[in-house]
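Some notes on the structure that comes next.
Read the figures in this text as sums done on the coordinates, not as results from a lab. Everything quoted here is computed from the prediction, not taken from an experiment. Positions of Cβ are generated from backbone atoms using ideal geometry, with glycine treated the same way; all protein chains shown enter the neighbour counts.
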Amino acid sequence: MSMGCPLCNGLIKVELKCLNCNGLMEDAGSLEDYYGPYSPYEEISTELAHSHEESCVHLMACPVCGWDKRVEIKKVPLPGE
Ligand SMILES: [Zn+2]
Ligand SMILES: [Zn+2]
C-alpha cells in the first residue's frame, strides 16, 4: 500500500471560497506538476522541505479574480493497491 494525495487521486474535493471575491476556488493542480520535485523555486522548497514526504501542496485558484492560494493536502494510504 502506498501513500498518495487524496486530491490528486480524486478521492476528495476541496471547496474553498476566495478571500478576495468570495468565488469558489478551483484546484489548479499539485505544485509538483508546476515546478517538479527538484524545484529551483526557493520559497517553496524551503517552506515545504519538512513536510514534502507526507503532504502534497496544491494551488487553488479563483477563476473569477485570479487570486490563488497554496493548500497543503495530507497524503493518505491509497485504497486498492
Ligand atoms: Zn495532490
Ligand atoms: Zn476571487
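Using amide H atoms built in the peptide plane, which far-off residues or other-chain residues are under 5 Å from Leu16 H to H?
Excluding prolines and chain starts, which carry no amide H, the hits are Met25.
So which GluC sites (Glu not before Pro) in segment 1-35 pass both tests, a DSSP loop state and at most 16 other Cβ atoms within 10 Å of the Cβ? Show your work: numbers first, answer last.
Numbers: sites: Glu15, Glu26, Glu32; in loops: Glu15.
Those satisfying the criteria are Glu15.
Give the long-range amide H neighbours of Lys75: residues separated by 5 or more places, or on another chain, with amide H under 5 Å away, using H modelled in the peptide plane at 1.01 Å from N.
Distant-sequence amide H within range of Lys75: Ser55, Cys56.
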